[in-house]
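Chemist: Mind having a look at this structure? Questions to follow.
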Amino acid sequence: MTFYTVTKPGGVKNEDFDLALDTLADMLVNSLFAESQIDKERQVVLEELIRGKNDPRRYAVELFFKNVWDDHPARNLPIGSRETLANSDRRVLVAFRDANFLASNMYTAVVGDQSHDVILEKVAAAFERMPNGAKPAYERAPLPSAKAQRIEDTVAGTQAQIALGLPAPGADHPDTYALDIMSVVLGEVGRRLVGEIRDKRGLASGVGSAYSTLSDVGCWYSIVGTSPGNVDQVLDLIVEQMRRIRSEPITGEILADAKSYIEGRAVLGLQTSIAFAQYLADREAIGVEPPLEEYLRRVSGVSVEDVQRVAQAYLDPDHATLVIMRPGETNGNGTALPADE
């Protein structure tokens, strides 16, 4: 078992640490996975799955992920599907737990006004009955190829949702840092998409640019909510800005602004104890993300040429995945029906 402790104020009350640790250890070591409780939880997750489809923006992004990552395992979203929920009985859950919930595969991060030696002793005692064995091995999947594809569906509401993007490297790739900058130039910093689609033409209120990464795969995408009649014009504007950042180098001023924004976002995102603890544990468990200082150093080293290079490598609109969700009829519980129903 690997321990990672650091002193940082805030978060869970220090006086409640022993109770919290005991509860967590009991959950991980002693859970019975009773069939009756599994059936109840299955219904809860199923309802959440249905609610997700009634959130047009969320549903458009999920449908985009499933298609842009093609046959990569990342296309299987954590919430699962009706089929996986139906097949997840006690046998499946216990087999997964026995294979993965091992001391050798567990990382503990503690952020608070605590003593490292005391925490080490308490955590070791709490998890002394945690099963152990060889750490599971995970095969690396190849990065999916970009390919032009168009997926259309109907959603509840009055707005259309557009998600357009391509597969990209994950957090373990050296191009990650330039892709971070490219994304914020199109989005929060350069505001190229927002400026053209919302500010100049008033075609949408919500316009986003996102570079989403897992350990060994990622994707860049733009997500826009707009009136159904504006879909074609919005698509043309997204593609125009994709082509622009591929053909026209950004300025040094924009690059500096993007680096400052990313640094501020990274630091502010770790201000709470729970966020910092999760960051530490995730980084150790996944093993591909460098410490914050190293991440910022690599971002700082990105050049204007690097940004254009990754845009040319990963942002070809002719090979993009496009998801369009248009308003359609719904059934009695608000779930959108296909257009032909």
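Chemist: Within the stretch 98-109, does at least one residue satisfy the condition of being on the phi > 0 side of the Ramachandran plot and surrounded by fewer than 18 Cβ atoms within 10 Å (Cβ to Cβ)?
Modeler: Within the stretch 98-109 (the criterion being on the phi > 0 side of the Ramachandran plot and surrounded by fewer than 18 Cβ atoms within 10 Å (Cβ to Cβ)), the answer is no, since none of the residues qualifies.
Chemist: To continue, here is another question. Only residues that are closer than 19 Å to Asn67 by Cα and part of a strand (DSSP E or B): list them for the stretch 209-231, please.
Modeler: Those that are closer than 19 Å to Asn67 by Cα and part of a strand (DSSP E or B): Ser209, Ala210, Tyr211, Ser212, Thr213, Gly218, Cys219, Trp220, Tyr221, Ser222, Ile223, Val224.
Chemist: Could I ask something else about it? Of everything in the stretch 122-132, what is touching a residue at least 24 places away in the same chain (Cβ under 8 Å) and either surrounded by fewer than 14 Cβ atoms within 10 Å (Cβ to Cβ) or out of contact with any strand residue (DSSP E or B) (no Cβ under 6 Å at 6 or more places or on another chain) (or both)? Give them in sequence order.
Modeler: Answer for the stretch 122-132, where residues must be touching a residue at least 24 places away in the same chain (Cβ under 8 Å) and either surrounded by fewer than 14 Cβ atoms within 10 Å (Cβ to Cβ) or out of contact with any strand residue (DSSP E or B) (no Cβ under 6 Å at 6 or more places or on another chain) (or both): Lys122, Ala124, Ala126, Phe127, Arg129, Met130, Pro131, Asn132.
Okay, residues lined up against (1) β-branched (Val, Ile, Thr); (2) open to solvent by 60 Å² or more (accessible area, probe 1.4 Å); (3) at pLDDT 95 or above:
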| position | (1), (2), (3) |
| --- | --- |
| Ala60 | no, no, yes |
| Phe64 | no, no, yes |
| Trp69 | no, no, yes |
| Leu85 | no, no, no |
| Ala134 | no, yes, no |
| Tyr138 | no, yes, no |
| Ala148 | no, yes, yes |
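Chemist: Go through the stretch 156-196 and give me each residue that's β-branched (Val, Ile, Thr) and either in contact with a Ser or Thr (Cβ under 8 Å, 6 or more places away or on another chain) or open to solvent by 30 Å² or more (accessible area, probe 1.4 Å) (or both).
Modeler: Residues satisfying the conditions are Thr158, Ile162, Thr176, Val184, Val189.
Chemist: Among the residues of the stretch 197-246 satisfying the criterion of being without any contact (Cβ under 8 Å) to a residue 12 or more places away in the chain and charged (D, E, K, R), which is nearest to Pro169 (Cα to Cα)?
Modeler: Asp236
Chemist: Against the conditions (1) touching a Leu at 6+ places or on another chain (Cβ under 8 Å); (2) more than 25 Å from Pro169 (Cβ to Cβ); (3) of a type in the set (Gly, Ala, Ser), where does Ala25 fall short? Just the number, please.
Modeler: (1)
Chemist: Which ones in the stretch 108-131 are over 28 Å from Ala171 (Cα atoms) and either aliphatic (A, V, I, L, M) or part of a strand (DSSP E or B) (or both)?
Modeler: Val118, Ile119, Leu120, Val123, Ala124, Ala125, Ala126, Met130
Chemist: Tell me the residue from Ala141, Ala134, Ala171 that is part of a loop (DSSP other than H, G, I, E, B) and closer than 21 Å to Ala25 by Cα, please.
Modeler: Going through Ala141, Ala134, Ala171 in turn, the sole match is Ala134.
Chemist: Looking at Ser222, Ser209 in this structure, which one is open to solvent by 10 Å² or more (accessible area, probe 1.4 Å) and among the small types (Gly, Ala, Ser)?
Modeler: Ser209
Chemist: Let me ask you something else. Identify, by number, the condition in (1) out of contact with any strand residue (DSSP E or B) (no Cβ under 7 Å at 6 or more places or on another chain); (2) in contact (Cβ under 8 Å) with a residue 24 or more places away in the chain; (3) of a type outside the set (S, T, N, Q); (4) assigned to a helix (DSSP H, G or I) that Pro249 doesn't meet.
Modeler: All conditions are met except number (4).
Chemist: Go through the stretch 267-317 and give me each residue that's over 18 Å from Ala171 (Cβ atoms), small (Gly, Ala, Ser) and open to solvent by 30 Å² or more (accessible area, probe 1.4 Å).
Modeler: Ser303
Chemist: Pull up the stretch 1-25, narrow it to residues that are surrounded by 14 or more Cβ atoms within 10 Å (Cβ to Cβ), of a type in the set (A, V, I, L, M, F, W, C) and outside any strand (DSSP E or B), then point me to the one that is modelled with the lowest pLDDT.
Modeler: Among them, the one singled out is Met1.
Chemist: Val234: surrounded by 17 or more Cβ atoms within 10 Å (Cβ to Cβ), among the aliphatic types (A, V, I, L, M) and in a helix (DSSP H, G or I), yes or no?
Modeler: Answer is yes for this residue.
The values are calculated or read from the model by the stated rules, or taken from the named source; none is laboratory data. The structure presented is a predicted model; accordingly, all values stated were derived computationally and were not measured. Every residue, glycine as well, gets a Cβ built from its backbone with ideal geometry; the counts of neighbours run over all protein chains shown. Calculation scope for accessible area: heavy atoms of the full protein, side chains included, ligands and nucleic acids excluded. Shrake-Rupley method; radii C 1.70, N 1.55, O 1.52, S 1.80 Å.
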